[in-house]
Amino acid sequence: MTPPKERLQNKLDTQILSIDFYTKGQIGDIYKVETSNKIYILKTSEPSDKLQTEASMLSDIKKYDIAVPQVHDVSETDLLLEYIPSKKIAKCTQEIEAAKILSQLHAVSNDARMYGYFYDTTIGPFRQKNEQTQYNWSLFLSQMRIMPMAKICYDKGAITKDMLTRIEILCRDIYKRIDMATITPSLLHGDLWSNNILFNIDGATLIDPALYFGDREMDLAYIVMLDTFGDTFFHAYTEVHSLSKDFYEVKVPLYQIYPLLVHIALYRGGYVSQLEQTLKRLKV
């Protein structure tokens, strides 16, 4: 149902010319709102703190002069954002601009050298718990990311008990697979696929973050998983941040477990067989 026009007009203090359905989001419908002098995006949801969390994540990223939509207003049911016009540009240009903005994001760390975040964040409709923020990356990855999502998938009947047990075994020994001495906490987008980065003549803009501090190669493994960007991206990115020696052999399959579980919880489908192949690749 279209949001009440009068309520939006009070927020914007200007006449609204149109409110049109834009797309369906993970937690609610999204609308394009046009006034006499500006265009906005309005995200909606059932009453919760999810949109307020998204607004906080966007505001936090913006503090580092990284391009995200400006937050104009937020409540338990609405999030009013700056509309970012997108323009089709050459694929190679997209990949270079994506590498620039992601390199900038990954350069952000924190004084406490912690993994996680200062509050619980979200990925799609799911909460990412950070209240037990860790200073041990492998422990954080296993206990705050992989296992909670694996249990969600199991409770939904999307994975078997055997697969859950294998994931538990992987998490128990995950510290043996990662050289933690080479990892510094980096600010991650957390859900970087093609729909969550916009391009125009001004460069790239990040939207829909699932923010936390972690190994920056988590974002890269997700990019590889969905084939979002290719060689041009990685060439530009590695001019700023080098890849670990075991990135493709170890990090890619290991770091794809969490996003695969998120996709299974949302869509099931072929992602279950992809997870099975990844676990076999990891010899679990």
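Among the residues making up the stretch 110-130, those that are aromatic (F, W, Y) and assigned to a strand (DSSP E or B) are Y115, F126.
Per-residue answers, yes or no, for (1) more than 21 Å from the chain's Cα centre (by Cα); (2) within 20 Å of C92 (Cβ to Cβ):
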{"residue": "L170", "(1), (2)": "yes, no"}
{"residue": "K176", "(1), (2)": "yes, no"}
{"residue": "D191", "(1), (2)": "no, no"}
{"residue": "I201", "(1), (2)": "yes, yes"}
{"residue": "D208", "(1), (2)": "no, no"}
{"residue": "Y212", "(1), (2)": "no, no"}
{"residue": "E249", "(1), (2)": "yes, no"}
{"residue": "L254", "(1), (2)": "no, no"}
{"residue": "H263", "(1), (2)": "no, no"}
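The single condition among (1) touching a Leu at 6+ places or on another chain (Cβ under 8 Å); (2) at pLDDT below 95 that E131 does not meet is (1).
Before we move on, is A150 in contact with a helix residue (DSSP H, G or I) (Cβ under 7 Å, 6 or more places away or on another chain), part of a helix (DSSP H, G or I), under 25 Å from V272 (Cβ atoms) and in contact (Cβ under 8 Å) with a residue 12 or more places away in the chain? Outline the logic, then answer.
Details: in contact with a helix residue (DSSP H, G or I) (Cβ under 7 Å, 6 or more places away or on another chain): yes; part of a helix (DSSP H, G or I): yes; under 25 Å from V272 (Cβ atoms): yes; in contact (Cβ under 8 Å) with a residue 12 or more places away in the chain: yes.
Spelling it out, A150 is indeed in contact with a helix residue (DSSP H, G or I) (Cβ under 7 Å, 6 or more places away or on another chain), part of a helix (DSSP H, G or I), under 25 Å from V272 (Cβ atoms) and in contact (Cβ under 8 Å) with a residue 12 or more places away in the chain.
Taken together, the criteria place K87 among residues that are touching a Phe, Trp or Tyr at 6+ places or on another chain (Cβ under 9 Å), under 26 Å from F234 (Cα atoms) and either in contact (Cβ under 8 Å) with a residue 12 or more places away in the chain or not hydrophobic (A, V, I, L, M, F, W, C) (or both). Has the stretch 229-244 got any residue that is in the same structural domain as D155 (by TED's automatic domain parsing), within 29 Å of K50 (Cα to Cα) and among the hydrophobic types (A, V, I, L, M, F, W, C)? Yes; the residues of the stretch 229-244 include at least one that is in the same structural domain as D155 (by TED's automatic domain parsing), within 29 Å of K50 (Cα to Cα) and among the hydrophobic types (A, V, I, L, M, F, W, C). Note on the stretch 26-55: residues that are modelled with pLDDT under 90 and in contact with a strand residue (DSSP E or B) (Cβ under 8 Å, 6 or more places away or on another chain) total 1. The condition (being surrounded by fewer than 17 Cβ atoms within 10 Å (Cβ to Cβ), farther than 18 Å from Y255 by Cβ and among the aliphatic types (A, V, I, L, M)) is satisfied by just one residue among L164, L139: L164. Restricting I61, I27, I101, I96 to those that are crowded, with 16+ Cβ neighbours inside 10 Å, β-branched (V, I, T) and assigned to a loop (DSSP other than H, G, I, E, B) reduces the list to I27.
The values are calculated or read from the model by the stated rules, or taken from the named source; none is laboratory data. Please read these numbers as outputs of a predicted model, since none were measured by experiment. Virtual Cβ from ideal backbone geometry, glycine too; neighbours counted across all protein chains shown.
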